[in-house]
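Let me begin by presenting the structure, written as structure tokens, before commenting on it.
Computed from the coordinates by the stated procedures, all read-outs in this text should not be read as laboratory data. Source: prediction; values computed, not measured. Please note: Cβ atoms are built from the backbone with ideal geometry, for glycine as well, and neighbour counts cover all protein chains shown.
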Amino acid sequence: MLRGVILEDLIQRIRELLTSNIINLGYELYDIEYVKENGEYYLRIYIDSPKGISIDDCEIVSNSISDLLDQADYIKEAYFLEVSSSGERKKLKGVVD
């Protein structure tokens with residue numbers, strides 16, 4: 001698993017790759033997380049919108065960014081892409097920030 005500066009660099013590169021695409025779809029890129037859980041890697045993209053986020057919104061964003069991520073090939077390991085609402089994460093992160 002990537003650590004420290006290398007992980008931060010990866011997340012920044014992914015943020016730069018995806019931000020304009022997600023904004024053009026009408027959403028905000030809230031946060032990015034790359035983690036290993038139970039032996040599997042997960043790239044989690046958290047999005048937000050003034051009207052809220054539905055499962056359909058997550059699917060739209062996932063379909064839109066999947067090819068971008070594959071073409072950029074920043075992540076060499078096999079991983080699962082998850083797109084979800086900032087929801088509770090937004091409340092918790094706001095407390096920490």
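Any residue at all in region 64-73 that is more than 27 Å from Ile6 (Cα to Cα) and in contact with a helix residue (DSSP H, G or I) (Cβ under 9 Å, 6 or more places away or on another chain)? Quick ask: steps written out before the conclusion?
Of all residues in region 64-73, those more than 27 Å from Ile6 (Cα to Cα) come to none.
So far as region 64-73 goes, no, none of its residues is more than 27 Å from Ile6 (Cα to Cα) and in contact with a helix residue (DSSP H, G or I) (Cβ under 9 Å, 6 or more places away or on another chain).
Of all residues in region 31-57, those satisfying the criterion of being over 23 Å from Gln71 (Cβ atoms) and either among the β-branched types (Val, Ile, Thr) or in contact (Cβ under 8 Å) with a residue 40 or more places away in the chain (or both) are Asp48, Ile53, Ile55.
Scanning region 74-92 for residues that are assigned to a loop (DSSP other than H, G, I, E, B) and surrounded by 13 or more Cβ atoms within 10 Å (Cβ to Cβ) yields Tyr74, Ile75, Ser86.
Among residues of region 36-73 being in a strand (DSSP E or B) and surrounded by 13 or more Cβ atoms within 10 Å (Cβ to Cβ), the one that is nearest to the chain's Cα centre (by Cα) is Ile45.
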